[in-house]
Structures are given as C-alpha cells and as structure tokens.
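A short worksheet on the structure shown next.
The values are calculated or read from the model by the stated rules, or taken from the named source; none is laboratory data. Given the structure is predicted, the values throughout are model-derived calculations rather than measurements. Neighbour counts are summed over all protein chains in view; Cβ atoms, including those assigned to glycine, are modelled from backbone coordinates with ideal geometry. The accessibility values were calculated without ligands, DNA or RNA, using every heavy atom of the protein model including side chains. Shrake-Rupley method; radii C 1.70, N 1.55, O 1.52, S 1.80 Å.
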Amino acid sequence: TERIILDCDPGHDDALAMMLAAGDPRVELVAVTTCAGNQTVQKVTRNALSVCAVAGIDVPVAAGAAGPLVRPQMVAPDIHGESGLDGPVLPEPRRAVDPRHAVDLIIEEVMAAEPGTITLVPTGPLTNIALAMAKEPRIVERVKRVVLMGGGYTRGNRTPAAEFNIIADPEAAQAVFAGAWPVTMVGLDLTHQALATPEVVERIAAIGSPLSDFVVEVLTFFGHTYKEVQGFDAPPVHDLCCVAWVADPEVFTTRSAFVAVELTGTWTTGMTVTDFTDLLGQAHNTDVAIDLDHGRLWDMTVDALAALSAG
Ligand code: BDR
Ligand code: CA
C-alpha cells in the first residue's frame, strides 16, 4: 500500500479526497494536515474533523499554517461557502485535533518512516509543505513523491492564468516545484475532466448510507456554486484525482516538463508556466497530468465510499 499524508483545506473536493484515501485498500492514510485555503485554518480543520466523524476515519488531524508565506490571505467562500464545507450538516468531531503543528507532524512522520515510502498529497495552498522543507530540508530526499492539486497548463480559475491553490501562496508553490523531489502536478486541465455528473451522484446515492447521503449533499452544494460562479454543468472534484493516482497511476496519463510558478506577472502571477517543448532548456521537474480515465476514477470512489459505509 501507498502511505500518504493528505495536506488539505476541506473543502468539498478535499472531503472526497479524504474519503478515497481512507476507503481505498491500496492507500494508507497516515495523517491529515490542514492549511488555510478555501477558508481559515480554524474552519477547515474543524471540517476535516467532521469529515473524519461522518466517514469513520481514525487518523491524526493536525492544523497548520494560518496564512500564506508572503501575501495577504485569500479564501474561497464563493465556491465552498462560509464554513468552507457548506451544504451538509457537519457532525460534531469525534476526536481532538493533534497537538502538533501540521509542519511538525509532516516532518516527524517523514523522518520516522523508511526513506522513499511516504507520499505527500497537498490539495490546498502549499504553505505547510514549503514550511516543512524550510524547517527540515532532509524531508525532500526522504519523501517518495509530491502529488499536488494545483495549477494548469492551459487555464486558471481564480484569474485567467492562475489556479486557486497556487495563487493563494505562489512563493510556497514555487518552492515545492523547485524542490529536488518528484512532483506530479494535477492541475485544472486534468481535474476539469473529473466531473461529478448526475450519473455519478446517482451511483453514490444508491449506496444508501449516512455517508453516501452526506457525499450527495456535498456534491449538490458544490454543483450549485460551480454552476453559478464558473458555469459548469457538473462540479469538477479536483482533489480526489490526486489520491486516485496514488491508488492507481493508470487513472491518468502524465507528461514530464519543467514547471515554474510566475511570481511577478502583472496579470499572470500564480501561473504554472509549463514547458512541454523545452523552450527554456531547463531540467524537467514535474510529471504533468493530462488525460483522465473518468470511469476508473468514479469506480474506485464508489467502491471506497461503499467500503467506508460498511464500516
Ligand atoms: C482547488 O481550489 C479549491 O477550491 C479546491 O478545493 C481545489 O483544491 C481547485 O482550484
Ligand atoms: Ca482543496
């Protein structure tokens, strides 16, 4: 099994990522860490604990950075609501937040594990990961891979050029791409293929458990905001794709390239500049996700939700 630390900001699609990580037999969820992103770190941490309660996930949850390294904080209530996970009733947490800071949890787990066995899966702004690199640089050679949701090579969603997780903390994102570890970029070009269509929502509803009811409410709210704000007919469940790839790398294809984050553009700050044709002559630092197997993604997700529902 693949051991992962999920660093997230739940967040509707983050919540689904947590569930797949806990419910898929090919993945071992070591811990959940949280970072300010879709909402404040207090709110997203509380959401993570509620998701653990409803899904029966019993792993440490540690709170991390309250804001980006350099820039003013950015949150996304237009997409995720005031709580960061609007829609369903959020159950009372069943476990307390871990006493460690997320950055210390990441460092401790990575340094304690066999080298090359822990995969970091960031699905929010990259602040915690950048701070962990700065505090304990040896994690970079010990981590197996970073599989991050962020960026895109043809589009943005917060600006025409920039995706939310990257523009929310571009300096942190650039540090992660530039790190000497393997990085998989699961950007908007990929995640906009991961639509929770009515057929998908139907399949989840058919599980018929309190958890599947919760997920249907999550996807219904997410569907409404994505329709209103971005004009989508079905919501793209971005963060889920990172965990899906860890479980089964055949769920999407990748292409290697040099990727850098624009930090000084007037209109393009936060863009993930992706050099597929080696125009810049830089060494490749990223495997960029290209084509999704939609059926495979939702089969494994429905299976994981059914497994969690069975307890
Ligand atoms: C990303 O931003 C957040 O709103 C989602 O949770 C996802 O991680 C998509 O741009
Ligand atoms: Ca997220």
Segment 152-162: number of residues that are within 11 Å of ligand 1 (Cβ to nearest atom), open to solvent by 10 Å² or more (accessible area, probe 1.4 Å) and touching a Leu at 6+ places or on another chain (Cβ under 9 Å)
3
Do we find that G208 is assigned to a helix (DSSP H, G or I), of a type in the set (G, A, S), open to solvent by 30 Å² or more (accessible area, probe 1.4 Å) and more than 21 Å from N165 (Cβ to Cβ) in this structure?
no
Counted residues, segment 37-57 - those being hydrophobic (A, V, I, L, M, F, W, C) and assigned to a loop (DSSP other than H, G, I, E, B)
1
Six or more apart or on different chains, Cβ under 6 Å: which pairs go from a residue in segment 265-292 that's under 26 Å from C241 (Cβ atoms) and part of a loop (DSSP other than H, G, I, E, B) to one that's open to solvent by 30 Å² or more (accessible area, probe 1.4 Å) and at pLDDT 95 or above? Could you list them?
T268/E262; T269/E262; M271/E262; Q282/F258; H284/S256; H284/F258; N285/F258
Out of all the residues in segment 29-49, is one or more open to solvent by 10 Å² or more (accessible area, probe 1.4 Å), closer than 16 Å to V243 by Cβ and either at pLDDT 95 or above or of a type in the set (D, E) (or both)?
yes
Which residues, counting only those in segment 275-291, are open to solvent by 30 Å² or more (accessible area, probe 1.4 Å) and either under 21 Å from the mean Cα position of the chain (by Cα) or polar (S, T, N, Q) (or both)?
T277, Q282, N285, D287, I290, D291
Which of the residues that make up segment 134-151 are open to solvent by less than 50 Å² (accessible area, probe 1.4 Å) and either over 14 Å from the mean Cα position of the chain (by Cα) or farther than 23 Å from V246 by Cα (or both)?
E136, I139, V140, V143
Among the residues of segment 164-185, write down those that are within 16 Å of ligand 2 (Cβ to nearest atom) and open to solvent by 10 Å² or more (accessible area, probe 1.4 Å).
F164, I167
Modelled with pLDDT of 95 or more, over 18 Å from T272 (Cα atoms) and crowded, with 20+ Cβ neighbours inside 10 Å: is that true of L120 in this structure?
yes
One residue from A53, A48, A22 being more than 16 Å from ligand 1 (Cβ to nearest atom), under 22 Å from V146 (Cβ atoms) and of a type in the set (G, A, S)
A22
Condition first: outside any loop (DSSP other than H, G, I, E, B) and among the acidic types (D, E). Now tell me which residues in segment 60-113 satisfy that.
D78, D104, E108, E109
Being at pLDDT 95 or above, of a type in the set (V, I, T) and away from ligand 1 (no atom under 16 Å from the Cβ), is that true of even one residue in segment 90-104?
yes
Hey, any hits in segment 9-20 for a residue that's under 14 Å from the mean Cα position of the chain (by Cα), more than 13 Å from ligand 2 (Cβ to nearest atom) and under 22 Å from F221 (Cβ atoms)?
yes
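Quick grid of which residues meet (1) more than 16 Å from ligand 1 (Cβ to nearest atom); (2) under 19 Å from the mean Cα position of the chain (by Cα); (3) under 20 Å from L297 (Cα atoms):
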residue	(1), (2), (3)
T225	no, yes, no
E228	no, no, no
G231	no, no, no
P235	no, yes, yes
H238	no, yes, yes
W245	no, yes, yes
P249	yes, yes, yes
T254	yes, yes, yes
E262	yes, no, no
